Amino acid sequence: MKQVRPKKNLGQHFLTDLSIAKRIADTVDEPYAELPVLEVGPGMGVMTRYLVEKPRPLKVVEIDRESVAYLRENFPRLNNNIIGGDFLRMDLREVFDGQQFVLTGNYPYDISSQIFFKMLDNKDLIPCCTGMIQHEVAVRMASQPGNKQYGILSVLIQAWYNVEYLFMVEPSVFNPPPKVQSAVIRMTRNTVTDLGCDEQLFRRVVKTTFNQRRKMLRVSLRQIFDANHPAPSGFFEDPMMTLRPEQLSISEFVELTNKVAGAF
């Protein structure tokens, strides 16, 4: 079968360097070498060829029909384990019958954040996630407080996962070459089972404050309150309210969330 044509509307950039493909595929081996693997966006299977050789169940999900046809012809060992569909719309509990699995892939850059938000929604199913994304996004995800790259993704992901920036990948090893650098990451579930605050409000507080990251908390947090639910007297006089979101650790965001919850 002929090669699959990369489609711009799907954000396809096919990795062509087999040595790098193997390095990415091997990131799934630690620390959960026994769990099944779900690969997102395999394209023509440059990573799949190495994942399928591992002694563990493998399924792949691909939205591009042409790529699905290519995979079915070239990877007969996968049999019925090629899922033609949209990862973002899948019920992940059905993939391996409720069993935990490792998520990996060469993720489309324009939806990588959505993929990771879905991972967070299924964090009890996904103890480990690896793969390749845009370098700048990888840096943000791994950044610590006080860094200008520290933001929404940093806090929401690091609340539940330890993030490792593994290595950078140059544009020249893709067809077509992307206009940005790429990077490979690994996220492994930490020991947190309960944030100690309302998780939905935590997300709202993080997003609200970082949407005005240059403002002090006493300014950005006013958006959470309104005429029907005004902030209590003295709420914005708390010393924490003079900080900016990039100065707060995850535990301090938990503390801030509880302050907001107590103010309603």
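The values are calculated or read from the model by the stated rules, or taken from the named source; none is laboratory data. Quick caveat, the model's predicted, so the values are computed rather than measured. With ideal geometry, Cβ positions are generated from the backbone for all residues, glycine too; neighbour counts draw on all protein chains shown. Just the protein is used for accessible areas: all its heavy atoms, side chains included, with ligands, DNA and RNA removed. Shrake-Rupley method; radii C 1.70, N 1.55, O 1.52, S 1.80 Å.
One table, with the values for the structure above:
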item	result
Theoretical ellipticity at 222 nm over the chain - DSSP helices of four or more residues, -39500 (n - 2.57) apiece, nearest 500	-8000 deg cm²/dmol
Cut-off 12 Å between beta-carbons: net charge of the residues surrounding Val37, Lys and Arg +1, Asp and Glu -1	-2
Mean projected area in nm² (Cα convex hull; one quarter of hull surface) for segment 7-66	4.3 nm²
Accessible surface ranking that places the most exposed of Lys148, Lys179, Lys118 first, with a 1.4 angstrom probe	Lys179, Lys148, Lys118
Solvent-accessible ranking of Met216, Met47, Met168, largest area first, probe 1.4 Å	Met168, Met216, Met47
Highest-MSF residue in the chain out of Met240, Met119, Met187 [GNM, Cα springs under 10 Å]	Met240
Tail weight of P(r) past 24 Å, computed on alpha-carbon pairs of segment 48-174, percent	34 percent
Computed accessible area, Glu237, all protein chains, 1.4 angstrom probe, square angstrom	140 Å²
Cα-based convex hull, the chain, per residue volume (Å³, whole number)	136 Å³
Gaussian network model of the chain, Cα within-10 Å springs - most flexible of Pro232, Pro127, Pro176	Pro232
Charge tally in the Cβ shell below 13 Å around Gln149, where Lys, Arg are +1 and Asp, Glu are -1, Gln149 excluded	+1
FRET efficiency estimate (nearest 0.05) - Cβ-Cβ, Asp226 to Asn79, R0 45 angstrom	0.25
On Cα atoms only, tilt of 112-121 relative to the major axis of the chain in degrees	70 degrees
Per residue convex hull volume, Cα atoms of segment 143-264, in Å³	132 Å³
Electrostatic dipole magnitude of the chain [Cβ: Lys, Arg +1; Asp, Glu -1; Cα centre; debye, to 20]	760 debye
Within segment 213-264: Cβ-based charge dipole about Cα centre, in debye rounded to nearest 20 (Lys, Arg +1; Asp, Glu -1)	260 debye
Equivalent ellipsoid, segment 145-204 (semi-axes from 5 times Cα gyration tensor eigenvalues, Å)	30, 13, 10
Cα pair distances exceeding 24 angstrom across segment 20-112, given as percent	12 percent
Sum of side-chain charges, Met240 neighbourhood, beta-carbon under 13 Å (Lys, Arg +1; Asp, Glu -1)	-1
